[in-house]
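Accompanying notes for the structure given below.
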Amino acid sequence: MTYPTYTETEKHIFSEKELALIDPKKIPHHVAIIMDGNRRWAKKRRKPVEVGHWQGAETLDQIVRAAIGLGIKALTVFSFSTENWNRQPEEVESLMHLLETYLINQRETMLKEGVRLKTIGNISRLPDNVRRALQETKEVTQRGDQIDLVLALNYGGRDDIRRATIRLIEEVESGRIQKDEITEQVISERLDTAEWPDPDILIRPSGDVRISNFLIWQISYSEIYYTDVLWPDFSKSHLLDAVIEFQKRNRRFGS
């Protein structure tokens, strides 16, 4: 299966009519998405699970370009969780192959579109070839200035906090920080997402109403947008709908 590149699609992602529906001054800076529903999408069509995952990867391409078109600056997507290792070995192997292929095939397109690839999660467990592809794509795209595409790989919100806690313990034991100096900000600075502001909105396709151990510290005050649409069917119009809904909400941050 081949991927369509962003430059093969229309030059203008959204029409003037569509863009008129949103306030350009209220675009979410950081959007997080749980890319869920690939397997159900494939099952509904009586296709192998792998086909659903490949279609989900194509959807990601489209949504990255749509996010750029809206002015979103960071897009963090749940790509492979710490729990996903429990799936059948054949599916895990297929997902790793898909990830490597995606990284290689989309490298030049990311460069042209100004996409900077980043990751969160403990990638040390990933196969060597995948880690190598990740590193090479990160290096090629490091100057991307349109959007940060953050792949959450071998990521879990609890594991993120666990690893941050270990770092803090080590710093306290070495005397680099005192216990009474540990604030919420200090903890946030030890999380995988330290270089980005917390997500403004979390989008959850597929009809499930849960956060599935994704960014559980970071989304404390994020708006949450649920939709029944399965991820492979998620389109630029669905992203636009989520942004429109986001702009209607009154974010009080507990006040």
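None of R39, R87 is touching a helix residue (DSSP H, G or I) at 6+ places or on another chain (Cβ under 6 Å) and either of a type in the set (D, E, K, R) or under 21 Å from R204 (Cβ atoms) (or both) except R39.
Scanning the range 114-158 for residues that are within 15 Å of L215 (Cβ to Cβ) and assigned to a strand (DSSP E or B) yields a count of 10.
Within the range 207-226, the presence of a residue that is among the polar types (S, T, N, Q) and closer than 21 Å to D61 by Cβ is excluded.
The requirement of being within 30 Å of H12 (Cβ to Cβ), modelled with pLDDT of 95 or more, touching a Ser or Thr at 6+ places or on another chain (Cβ under 6 Å) and of a type in the set (D, E, K, R) is fulfilled somewhere in the range 109-124, by at least one residue. Consider the range 226-255 and keep the residues that are touching a helix residue (DSSP H, G or I) at 6+ places or on another chain (Cβ under 6 Å) and outside any helix (DSSP H, G or I). The one that is farthest from E18 (Cα to Cα) is L230. Of the residues making up the range 106-163, those that are among the β-branched types (V, I, T) and closer than 29 Å to S220 by Cα are V115, T119, I120, I123, I147, V150, I161.
Take the conditions β-branched (V, I, T), closer than 19 Å to F78 by Cβ, in a helix (DSSP H, G or I) and without any contact (Cβ under 8 Å) to a residue 24 or more places away in the chain and apply them to V186. Does it pass? Answer is no for this residue. Exactly one residue among I177, I161, I201 is surrounded by 14 or more Cβ atoms within 10 Å (Cβ to Cβ), over 15 Å from the mean Cα position of the chain (by Cα) and touching a residue at least 24 places away in the same chain (Cβ under 8 Å), and that residue is I161.
The values are calculated or read from the model by the stated rules, or taken from the named source; none is laboratory data. Keep in mind that what you see is a predicted model, and the values were worked out from it rather than measured. Positions of Cβ are generated from backbone atoms using ideal geometry, with glycine treated the same way; all protein chains shown enter the neighbour counts.
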